[in-house]
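The values are calculated or read from the model by the stated rules, or taken from the named source; none is laboratory data. Note that the structure is a prediction, hence the values are computed from the model and not measured. Using ideal geometry, Cβ is built from the backbone for each residue, glycine included, and neighbour counts are taken over all protein chains shown. The accessibility values were calculated without ligands, DNA or RNA, using every heavy atom of the protein model including side chains. Shrake-Rupley method; radii C 1.70, N 1.55, O 1.52, S 1.80 Å.
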Amino acid sequence: QVQLVGSGGGLVQAGGSLRLSCVASGRAFGTYAMAWFRQAPGKEREFVGGISWTGSSTDYPSSVKGRFTISRDNAKNTLYLQMNSLQPDDTAVYYCAAGEGLRLLRTIHDVAYWGEGTLVTVSS
């Protein structure tokens, strides 16, 4: 089994930046795709970025493309999400996730393991 621990959330003003981190244990980090999802109050959990096991391929929805960057450091078993130009609509609990294969994750149905989540609040 894989355990995921996310961190880095907090309160930031609109236009600011945050970097989220997720440390994985219990399984070799570099052998599966990973992703970030978020869930805002009253809304369904949504995809915000995915990355292949090598880090060579990434995928983003239009809502965050150009502002968010997903990356990974397999030597440190760590996944990152760099978030720039944050807006109040980005306020949500952010969850890191891992799959069991090599394909990019794009929906919650692709996820095998979830982190507990870290709260990001963007004030206006």
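Of note:
- Surface share of carbon and sulfur [accessible, 1.4 angstrom probe, percent] for the chain: 47 percent
- The range 8-62 - charge dipole about Cα centre, Lys and Arg +1 at Cβ, Asp and Glu -1, debye rounded to 20: 140 debye
- The charge dipole of the chain, taken about its Cα centre with unit charges on the Cβ of Lys, Arg, Asp and Glu (plus for the first two, minus for the last two), comes to roughly 180 debye.
- Separation between Cα centres of the range 54-124 and the range 1-49, rounded to whole Å: 5 Å
- The residues of the range 23-74 expose on average 47 square angstrom of accessible surface per residue, using a 1.4 Å probe on protein heavy atoms.
- Accessible surface, the range 84-123, averaged per residue in Å² (probe 1.4 Å): 53 Å²
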